[in-house]
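First comes the structure, then the notes that go with it.
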Amino acid sequence: MPLTSHSTPPERDGALSGEAWFAGVRARGVVESIDVLATPERLRAPGFWAVVGDFDGPVRAWRFADVDRSSPAAADTGTEAWDGPPAGAWTSSMSRREYRDAVEQTRAAIKQGRVYQANICRVLSAPLAGRDGAEPDARALSAVLARGNPAPYAGGVHVPHGAGQRPVWVVTASPELFLRVDGGAVASAPIKGTAEHPDALQAKDRAENVMITDLVRNDLQRVCEPGTVEVVDLLAVEAHPGLVHLVSTVQGALRPEVAASPRLWAHLLGAAYPPASVSGAPKSSALQVIAELERARRGPYCGVVGWVDVAEDGAARAELAVGIRTFWWSPDGARGGELRFGTGAGITWGSDPQAEWEETELKARRLVALASSPR
């Protein structure tokens, strides 16, 4: 989707650090960073904003000074070769046995009537330090993923520590749309149901997708005009590298007072965040089950990664992806830093613990192999 053509000039002296890249656009030089839920009105200020939200934490946005809309891809040329962690260095926040136990405990919660479905995830991590004291090259990883695992919502945001703004290091190959906003229209396209090929999709996958699609429909009804929220595509099969997904699309017309509100993003995120497909139903109860069973914070995995573009007249367009198939890096951890990647599966009463473990392996296998060295 093309973006508006304005660019915001720098507001302070000196070189501005940080960059963000998505399909067809690259932005450089962070002017400001904000906590979106604390100051949602700032996200109505004209400019190009990159957005990264933690599943279990804040949603933040960074406004950029210079925006290049001639960039041909999510990661263009000019980066160094990616130097990732060894393939054998990755560890999981849950072992196979621990994950299977978590599936069984989720099924017990379903039997007790606490939830109908909950998404249970684990976090993979590996030590990784940058070269010569610098942070790892996020765009280099993005370029590797673009070649080996192209995705419709691929991109990244990197603002180094010490740059004078809130730091962030996130690279995504997300296939899933969380929210697309274009004037008064809003859409979401939840993914539920994953297999190696279409014939391997099961009745459980279809039932789960319908359940989560209904939850997304209910979320959007909180901010949309009555009668405008509709499912325009149900149970579509989408092919991605190494697997297929079931995807449904829901859209609606925002209520005029929501679309025009300075607190637009407080309304939207208050209605729909965290994303339904990576939490569960009912959402509040599923989040309680997730907090009880998961052993690592998800961070931006299952959160949100994307952009908001605000024209001079205040008109806003946005494309925010669910932060799945997403890497994030932190200077914490062993040997000068740690690269992380999340993977998970939706658990229903019909779930088989071993099959759900294997689904998490399927989702992680290709991406982690691409990010690892040697390749």
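Of note:
- Solvent-accessible area assigned to carbon and sulfur over segment 87-158 amounts to 46 percent, based on a 1.4 Å probe.
- Using C-alpha pairs under 8 Å with a sequence gap of at least 6, the mean separation divided by the residue count of segment 216-307 gives a relative contact order of 24 percent.
- Carbon and sulfur %, accessible surface of segment 222-360 computed with the full protein complex present, 1.4 Å: 51
- Listed residues L287, L37 arranged by accessible area, highest first, probe 1.4 Å: L37, L287
- Each Lys and Arg adds +1 at its Cβ and each Asp and Glu adds -1 at its Cβ; summed about the Cα centre, the chain shows a dipole of about 540 debye.
- Working ranking of peptides 268-274, 157-163 by packing, defined as the average number of other Cβ atoms within 10 Å per residue, highest first, is 268-274, 157-163.
- Of every Cα-Cα pair in segment 124-234, the percent that sits beyond 25 Å: 47
- A Cβ-based charge dipole, computed about the Cα centre of segment 179-254 with Lys and Arg at +1 and Asp and Glu at -1, lands at about 160 debye.
- W265 sits with roughly 0 Å² accessible to a 1.4 Å probe, with DNA, RNA and ligands left out of the calculation.
- For the chain, the residue among V278, H240, A102 whose Cα projects farthest onto the positive side of the dipole built from Cβ charges is A102.
- Label point distance in nm, E41-R222, each placed 7 Å from Cα along Cα→Cβ: 2.3
- A Cβ-based charge dipole, computed about the Cα centre of segment 220-322 with Lys and Arg at +1 and Asp and Glu at -1, lands at about 460 debye.
- Applying the Karplus relation 6.51 cos²θ - 1.76 cosθ + 1.60 with θ = phi - 60° to segment 88-102 yields 3J(HN,Hα) values of x, 8, 6, 10, 10, 5, 9, 6, 4, 4, 5, 5, 4, 4, 5 Hz, where x marks Gly and Pro.
- Computed over neighbours whose Cβ is under 14 Å from that of P190, the net charge equals -2, Lys and Arg +1, Asp and Glu -1.
- Potential extension, A200-R100 segment - 0.36 nm per residue separation minus Cα distance: 33.9 nm
- Accessible area per residue for the chain is 40 Å², calculated with a 1.4 Å probe on protein heavy atoms, without ligands, DNA or RNA.
- Applying a DSSP loop filter and a limit of 12 other Cβ atoms within 10 Å to the GluC sites (Glu not before Pro) in segment 243-327 leaves E312.
- Relative contact order computed over the chain (Cα-Cα under 8 Å; 6+ residues apart), in percent: 26
- Build a GNM of the chain with springs between Cα atoms under 10 Å apart, and of R97, R297, R217 the one that fluctuates most is R97.
- Top of D137, D309, D199 by mean-square fluctuation, Gaussian network on the chain, Cα under 10 Å: D199
- The convex hull around the C-alpha trace of the chain, projected and averaged over every direction, spans 17.7 square nanometres.
- A helix-only calculation puts the chain at -7500 deg cm²/dmol for mean residue ellipticity at 222 nm, using -39500 (n - 2.57) for each DSSP H run of at least four residues, averaged over all residues.
The values are calculated or read from the model by the stated rules, or taken from the named source; none is laboratory data. Predicted model, so just to flag it, every value in this text is computed and none were measured. As a convention, Cβ positions derive from the backbone with ideal geometry for all residues, glycine included, and neighbour counts pool all protein chains shown. Ligands, DNA and RNA are stripped out before the accessible areas are found, and what is left, the full protein with its side chains, is counted by its heavy atoms. Shrake-Rupley method; radii C 1.70, N 1.55, O 1.52, S 1.80 Å.
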